[in-house]
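Below: the structure, in structure tokens.
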Amino acid sequence: MALPVLHVKDLKTQFFTERGVVKAVDAVSLKLMKSLTLGVVGESGCGKSVTALSIMRLIQPPGRIVEGEIWFDGRDLLTLSEEAMRSIRGKEISMIFQEPMTSLNPVFRVGDQIIEILQRHETMSNKEASARTAELLKQVGIPSPRERMADYPHQMSGGMRQRVMIAMAVACSPQVIIADEPTTALDVTIQAQILDLLRKLKEETGTTVLLITHDLGVIAEVAEDVVVMYAGRAVEQARCKDIFRNPLHPYTQGLMQSIPGRTAHTGKRRLTAIPGVVPSLLELPAGCKFNTRCPHAFERCYTDPEPGLLEPDLGHPVRCWLYA
Amino acid sequence: MAAEQNTTLLTLCGVKKHYPITRGILRRQVGAVKAVDGVDLNVNRGETMGLVGESGCGKSTLGRVILRLEELTAGEIFFAGKSLNALKGSSLHRLRKKMQVIFQDPYSSLNPRQTIGRIIGEGLVIHKIGSAVERRERVLHLMDIVGLRPEQINRYPHEFSGGQRQRISIARALALQPEFIICDEPLSALDVSIQAQVINLLEDLQEQYDLTYLFISHDLSVVRHISDRVAVMYSGRLIEMAPKDELYEHPYHPYTQALLQAVPVADPAAAGKRKELVAGVNDAPFPPHGCKFSPHCPHSSPECEAEIPTFYEVRPDHWVRCYRSNA
Ligand SMILES: Nc1ncnc2c1ncn2[C@@H]1O[C@H](COP(=O)(O)OP(=O)(O)O)[C@@H](O)[C@H]1O
Ligand SMILES: Nc1ncnc2c1ncn2[C@@H]1O[C@H](COP(=O)(O)OP(=O)(O)O)[C@@H](O)[C@H]1O
Ligand SMILES: [Mg+2]
Ligand SMILES: [Mg+2]
């Protein structure tokens, strides 16, 4: 079997706050296979962004990666110096955020910001870098790229800014792109264009993508593999088509049933909501962390320590005692 | 549009809201943002009218002028048969009891320094309804209706999750027993599992209290689930309106078609089967006089750019603003 391009093993990231230790990511393992998109889905606060930031080694105090390994290109990223990590960020692994304004500098022209990235990682003359920038902007579907290079971020619409972000992320032809809710702030028409763009880039360049979203529709559109997260844990992992056809974890099933229109197209049928809310990470229940909301919970879910990723005969890895 | 008079709750006739663009120290008006530019709409008693369209197309502005939070530039609005245009003072005050609103971000629309008991009961105080004891009873009843616990009455908004805060604003909206509620993106800030809880609650309340909703959203799946009829807005105007299944199954306007195609379907078997999308972005620097969608439209003709098509009934109850429809 092929080796993963990026392999996260038992990652634990925690925030040491005044109120206690927030275990934002608790023993999560992920495998990104070459040229495929791994979708990470789950409700807000379940640890998706912290996972992404941990891979980039961008966790700030009071947060810290306390355990785990992140294998990339024969190296464990967690053992690298900050210096070595800087040369990987943006060049070999790059990141796209939900709100482009957080990573675009408002006081520099967008063209200059891309040129800067190119010249930081590759030896290029100004003329070469500027030609390459225009090419990149064209590739992400920005009309009149030469003129747009002179724009400041605030002069562009949200969709255009997100395209600039993607152009920056692909500038140095990275092996892995991590996209954290890249379309959440956009209108559906723009979202569809951005997803098409990501798909096209992946086909053309063979880039591997980690796509984080809370939207199962987006996952179905672009991911080949899926990890479902809940309360800092990966609770189910499968091929995309398997997870939609045969969701195993009661949480995954609940997420699917909450989507309007998936089951009921006519008439006003009640949606099956997941009862309650995600518990605070500081007050997680004993046993399975989903037992406060699970319609199938039985004694073992409260009394036994939480299950690991089980591998049922008919199905895929899932963290649930129903399949023991 | 000829809906039976007795069932119509809200009627908009040629409603416009323009914001002046001024320049220079004399603040000379050099133009106008035509946020709402001629909307005709009927909302029937007891129905949910969905209003969809991309951000900036004028949905929230339309909501605000209906609520009379802002003055109209042109047109007329009727509520329960009475024109709202001339309403002032105490009659406007009375109308406010009948119409309520729930906003997207329940956090910024709830006063952080007030307990939720005060927030929910505020309308009762303003309208001098009941004694203090009676008001407290009513607030507790409202909290029960929306699924909040009585002991939470003295807590503050920041102590609640997003879904619970939306329950607080729903309770506040219900306090004065309104007939009509504008829901402006009420679910957009919530996770799907919580969204489903709030959708169910809104539907239960509608049935129990005969509420009429104008449900504004950019989420087409949610709108299809909750609405009876759906109106599509583009650049300040309605461009299509129909009963929901008719609209979703037979979209007529090229913009509506693009919008529906863009919705990601939670079914991997359907993924990647979309046609290449026409850009729906309403960001042409010089929009044409005619149909504002024509620069993006695969079917546009010189006629489209010259003059705005009329709203035309292509099938019973299915209205479209497109020259292809009245050819
Ligand atoms: N700087 C921080 N300090 C304390 N807790 C944090 C910090 N950043 C994130 N967390 C906690 O980590 C958890 C996971 O957050 P995040 O990864 O952002 O979730 P999401 O899945 O929505 O992206 C949340 O419960 C959040 O409260
Ligand atoms: N107070 C205002 N002054 C000037 N322009 C405004 C004002 N409010 C809204 N607009 C403009 O009106 C248009 C419609 O806005 P809005 O109704 O908020 O759209 P939507 O709710 O559909 O996203 C936008 O172009 C917006 O910038
Ligand atoms: Mg996040
Ligand atoms: Mg709005």
Nearest-10 value in Å² for the accessible area of B:HIS141, using the 1.4 Å probe: 90
3J(HN,Hα) from dihedral phi, region A:282-288, Karplus parametrisation 6.51/-1.76/1.60, rounded to Hz, x for glycine, proline: 8, 10, 6, x, 5, x, 4
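Can you give the extra length, in nm with one decimal, that the chain gains between B:SER131 and B:ASP40 once fully stretched, where that is 0.36 nm per residue apart less the Cα-Cα distance? Could the numbers behind the result be given before it?
Numbers: separation 91, 0.36 × 91 = 32.76 nm, distance 4.19 nm.
Extra length available between B:SER131 and B:ASP40 comes to 28.6 nm.
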Spin-label proximity, A:ALA2 to region A:56-89 - amide N less than 15 Å from point 7 Å beyond Cα toward beta carbon: A:73
Residues in region A:213-231 that, when all protein chains are in place, have 30 Å² or more less accessible area than the chain alone would give (probe 1.4 Å): A:HIS214, A:GLY217, A:ALA220, A:GLU221
3J(HN,Hα) from dihedral phi, region A:12-21, Karplus parametrisation 6.51/-1.76/1.60, rounded to Hz, x for glycine, proline: 10, 10, 10, 10, 8, 9, 4, 7, x, 8
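Tell me the per residue accessible area of region A:1-157 using a 1.4 Å probe; a whole number in Å² is fine.
On the way: 7960 Å² over 157 residues.
I get 51 Å² per residue for region A:1-157.
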Cα-based equivalent ellipsoid of region B:127-194: semi-axis lengths in Å, sorted from largest, via gyration tensor: 22, 16, 9
Placed amide H near A:MET95: partners under 5 Å, 5+ positions off or other chain: A:GLY90, A:ILE178
Whole-Hz couplings from phi, Karplus 6.51/-1.76/1.60, listed for region B:48-56; x for Gly and Pro: 10, 9, x, 10, 10, x, 6, 4, x
Å² per residue, accessible surface of region A:159-286 at 1.4 Å: 32
Computed log₁₀ I(q)/I(0) - Debye formula, equal Cα scatterers, no solvent, region A:177-324, q 0.16, 0.18, 0.21 Å⁻¹: -0.99, -1.17, -1.37
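Of chain A, which part is the longest with no chymotrypsin sites (Phe, Trp or Tyr not before Pro) in a loop (DSSP not H, G, I, E, B) and with at most 15 other C-beta atoms within 10 angstrom?
Working: sites that count: A:PHE108, A:PHE298.
Within chain A, the longest run free of exposed chymotrypsin sites (Phe, Trp or Tyr not before Pro) spans A:109-297.
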Those GluC sites (Glu not before Pro) in region B:1-85 that DSSP places in a loop and that have at most 16 other beta carbons within 10 Å: B:GLU4, B:GLU70, B:GLU71
Fully extended contour minus Cα-Cα distance, from B:ASN200 to B:HIS289, at 0.36 nm per residue: 27.8 nm
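So, R0 is 56 Å and r is the distance between the beta-carbons of B:ALA32 and A:ARG19; what FRET efficiency does that work out to, to 0.05? Write out the running numbers ahead of the final one.
Details: r = 51 Å, r/R0 = 0.91.
Working from the Cβ atoms, E equals 0.65.
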Amide hydrogen neighbours beyond the local backbone of B:LEU9, cut-off 5 Å, H modeled: B:VAL43, B:ASN44, B:ARG45
FRET efficiency for B:GLU151 and B:TYR209, using Cβ-Cβ distance with R0 set to 22 Å, rounded to 0.05: 0.30
Histogram of C-alpha separations across chain B, 20 Å bin width, %: 29, 55, 15, 0
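Carbon-plus-sulfur fraction of the accessible area of chain A, 1.4 Å probe, in percent?
Values: 7450 of 14230 Å².
Exposed carbon and sulfur together represent 52 percent of the surface.
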Relative contact order, percent, chain B [alpha-carbon distance under 8 Å, six or more residues apart]: 19
Interface burial for B against A (accessible surface, 1.4 Å probe, total of both chains, Å², rounded to 100): 3400
Whole-angstrom gap from region B:188-220 to region B:4-46, using each part's C-alpha centre: 25
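Calculate for chain A the 222 nm mean residue ellipticity that helices alone would give, adding -39,500 (n - 2.57) per DSSP H run of length 4 or more and normalising by residue count, nearest 500 deg cm²/dmol.
-9000 deg cm²/dmol
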Residues of region B:222-259 buried by at least 40 Å² on assembly (accessible area, 1.4 Å probe, chain alone as reference): B:ARG224, B:HIS225
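Taking 29 Å as the cut-off for C-alpha to C-alpha distance, list the pairs among B:LYS17/B:LYS128; B:LYS128/B:LYS244; A:LYS48/B:LYS34; A:LYS127/B:LYS292; B:LYS34/B:LYS88; B:LYS82/B:LYS292 that go past it.
Values: B:LYS17/B:LYS128 33 Å; B:LYS128/B:LYS244 40 Å; A:LYS48/B:LYS34 40 Å; A:LYS127/B:LYS292 39 Å; B:LYS34/B:LYS88 25 Å; B:LYS82/B:LYS292 33 Å.
From the list (B:LYS17/B:LYS128; B:LYS128/B:LYS244; A:LYS48/B:LYS34; A:LYS127/B:LYS292; B:LYS34/B:LYS88; B:LYS82/B:LYS292), the Cα-Cα distance tops 29 Å for B:LYS17/B:LYS128; B:LYS128/B:LYS244; A:LYS48/B:LYS34; A:LYS127/B:LYS292; B:LYS82/B:LYS292.
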Within a Gaussian network of chain A (alpha carbon springs, distance under 10 Å), most fluctuating of A:LYS200, A:LYS91, A:LYS127: A:LYS127
Surface per residue (accessible, 1.4 Å probe) for region B:112-175, Å²: 51
Nearest-ten-degree value, helix A:110-121 long axis tilted from longest Cα axis of chain A: 80
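When DSSP assigns beta bridges and you keep just the ones with both residues in the protein assembly as shown, what percent turn out antiparallel, to the nearest 5? Mind showing how you got there, number by number?
Numbers: 59 of 95 bridges.
Around 60 percent antiparallel, to the nearest 5.
Report, to the nearest whole %, how much of the accessible area of region B:112-175 belongs to carbon and sulfur atoms, 1.4 Å probe, protein only. Write down the numbers at each step before the final one.
Details: 1620 of 3250 Å².
That fraction is 50 percent.
Between B:GLU71 and B:TYR312, what's the calculated FRET efficiency when r is the beta-carbon distance and R0 is 51 Å? Round to 0.05. Working shown, then result.
Numbers: r = 30 Å, r/R0 = 0.59.
Once rounded, the FRET efficiency stands at 0.95.
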For B:ARG237, residues with placed amide H under 5 Å, excluding near neighbours: B:ASP37
Label-point separation in nm, A:TYR152 to A:ARG269, each point 7 Å along Cα→Cβ: 5.3
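If you wrap a convex hull around the alpha carbons of the protein assembly as shown, what volume per residue comes out, as a whole number of Å³? Don't jump to the answer; show the numbers that get you there.
Numbers: hull volume 123.1 nm³, N = 651.
With only Cα atoms used, the protein assembly as shown gives 189 Å³ per residue.
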Zone of B:SER188's modelled label, taken as backbone nitrogen in region B:216-245 under 19 Å from a point 7 Å along Cα→Cβ: B:216-227, B:230-239
Gained length - A:ASP112 relative to A:SER81, 0.36 nm times residue gap less alpha-carbon distance: 8.3 nm
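What whole-number volume per residue, in cubic angstrom, does the convex hull of the C-alpha atoms of chain A give?
Values: hull volume 50.7 nm³, N = 324.
Expressed per residue, the convex hull around the Cα atoms of chain A is 157 Å³.
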Residues along region A:43-62 losing 30 Å² or more of accessible surface when the other protein chains are present rather than the chain by itself (probe 1.4 Å): A:GLU43
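Over region B:112-175, what is the mean sequence separation of C-alpha contacts under 8 Å (at least six apart), divided by residue count, expressed as relative contact order in percent? It would help to have the intermediate numbers written out before the result.
On the way: 64 pairs, mean separation 32.8, N = 64.
Relative contact order, region B:112-175: 51 percent.
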Inter-probe distance in nm under a simple model that places probes 7 Å from Cα toward Cβ, at A:ALA131 and A:GLN119: 1.7
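Please figure out what share of the DSSP beta bridges in chain B is antiparallel and state it in percent, rounded to the nearest 5. Before the final figure, lay out each step's value.
Working: 31 of 48 bridges.
Percentage antiparallel, nearest 5: 65.
The values are calculated or read from the model by the stated rules, or taken from the named source; none is laboratory data. Small disclaimer: the values here were computed from a predicted structure and weren't measured. Using ideal geometry, Cβ is built from the backbone for each residue, glycine included, and neighbour counts are taken over all protein chains shown. Calculation scope for accessible area: heavy atoms of the full protein, side chains included, ligands and nucleic acids excluded. Shrake-Rupley method; radii C 1.70, N 1.55, O 1.52, S 1.80 Å.
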